[in-house]
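Beneath this line is the structure, given in structure tokens, with notes to follow.
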Amino acid sequence: MKLIVFSSAPVINLNGELFLYAPYECEMQIWAKYVDEIQFCAPVWNEDKKLLINPISFSVKKVVPLYEFNIKNRRETFVSITKVLKNTQIIWQAMQQADHIHLRCPGNIGLLACVMQLFFPSKPKTAKYAGNWDPQSKQPLTYRLQKWILSNPFLTRNMQVLVYGNWEQQSPNIKAFFTASYSGKEPLAIVKTINSTTKIKLLFIGTLTAGKQPLYAVQLLQALQKRGFDVQLDVYGEGPLRTSLEQYMEINALKNQLVLHGNQNQEILKKAYQNSHFVILASKSEGWPKAIAEGMFWGCVPLATAVSCVPEMLDYDRRGILLQMDTGKDSDTIATLINNPDQFEKRSKEAIDWSRKYTLEYFETEIKKLLQE
């Protein structure tokens, strides 16, 4: 079987060696195991642009380069017309060669591929929608259009669409899915304990962008400090907000409480989860937040915004805390949990129990089924 992946996620070519965004590469290893040949139809970068990347560890038959473009406003749309037309032709030709068409959505390339797959109704297809599938959420027009095409059984044939969360009134081809990071062979995490008189360790893992709102994690740190707790926040990740966070840390004298670690490998992140009490993600939008799922695997109590499938992951506050994005209210809730160790331990245990269902072995089994159906 020849699998061709259509994605806005770039393939990075560094001196002839190919790389992918690290979590994406780990997932595609599994897809590659169950096909004879895998190709990528995607933009190609010649630098990593501070993206956390892994070398591609499986055989790639071919990379078909696509042109990056942006259609967020009228001017950019006009400039991008030529690129869109060229990409359309490239995608059409690649789909003709594929035995199985795999789309990665949402994204500009995903949108084009959504349209082009309509002309191949008999070919088996899968699409992974890595964004927020919540029908009630406010999203850009291009995202809503992709969701509409993918879930329209009249237009889209012979395709399974993998989405995060269980949503009511979905078409039959929509399949609730997940992402996994750890093997079931990992040792069972120790349930976390907490004490208001010892150091409370908070953890943020993610890109330092406006959408992830890392500053809110810092403000929660300050709010908890004002309540008399000994608190430390460790931040892992890179992004355009790093400089502003460094400035904020300097102005507010947080050097001893806030540590910016930058991008780190999976083993270092694992230790960070194991040594933290809470994992924080105040995102404006998410699909399946890996930092939250990974933190729960190691017993961290998650603090996250109620976006996408996050309320379901946290069992509506029973496995963590859904942030209200009000530092006063949220620090009240966290302080109450710190002062009630039994309740904290209960959430830690329930987080572990839930996350252990979503192992790499289970993930591989489900992908294998998709490719064999």
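The values are calculated or read from the model by the stated rules, or taken from the named source; none is laboratory data. Source: prediction; values computed, not measured. Here Cβ is always computed from backbone atoms with ideal geometry, including for glycine, and neighbour counts include all displayed protein chains.
What number goes with the only condition from (1) under 30 Å from Gln160 (Cβ atoms); (2) surrounded by 14 or more Cβ atoms within 10 Å (Cβ to Cβ); (3) in contact (Cβ under 8 Å) with a residue 12 or more places away in the chain that Glu345 does not pass? The number of the failed condition is (1).
Evaluate the following for Lys128: is it in contact with a His (Cβ under 9 Å, 6 or more places away or on another chain) and outside any loop (DSSP other than H, G, I, E, B)? Spell out how you get there, then give the answer.
Details: in contact with a His (Cβ under 9 Å, 6 or more places away or on another chain): yes; outside any loop (DSSP other than H, G, I, E, B): yes.
Here the answer is yes, as Lys128 does meet what is asked.
Select from region 181-190 the residues that are surrounded by 16 or more Cβ atoms within 10 Å (Cβ to Cβ) and of a type in the set (A, V, I, L, M) and list them in ascending order. Quick ask: steps written out before the conclusion?
From region 181-190, those surrounded by 16 or more Cβ atoms within 10 Å (Cβ to Cβ) are 181-182, 189; that's our starting set.
Result: Ala189, single match.
Looking across region 156-180, the residues that are surrounded by 15 or more Cβ atoms within 10 Å (Cβ to Cβ) and of a type in the set (A, V, I, L, M, F, W, C) come down to Met159, Val161, Leu162, Val163, Trp167, Ile174, Phe177, Phe178, Ala180. The set of residues from region 180-200 being more than 20 Å from Leu322 (Cβ to Cβ), of a type outside the set (A, V, I, L, M) and touching a helix residue (DSSP H, G or I) at 6+ places or on another chain (Cβ under 9 Å) comprises Ser181, Tyr182, Ser183, Gly184, Lys185, Glu186, Thr193, Asn195, Ser196. Tell me yes or no: at least one residue of region 93-100 is in the same structural domain as Glu168 (by TED's automatic domain parsing), within 20 Å of Lys369 (Cα to Cα) and of a type in the set (Asp, Glu). Yes. Only one of the numbered conditions (1) of a type in the set (Val, Ile, Thr); (2) without any contact (Cβ under 8 Å) to a residue 60 or more places away in the chain; (3) farther than 21 Å from Lys226 by Cα is not met by Val307, and that is (2).
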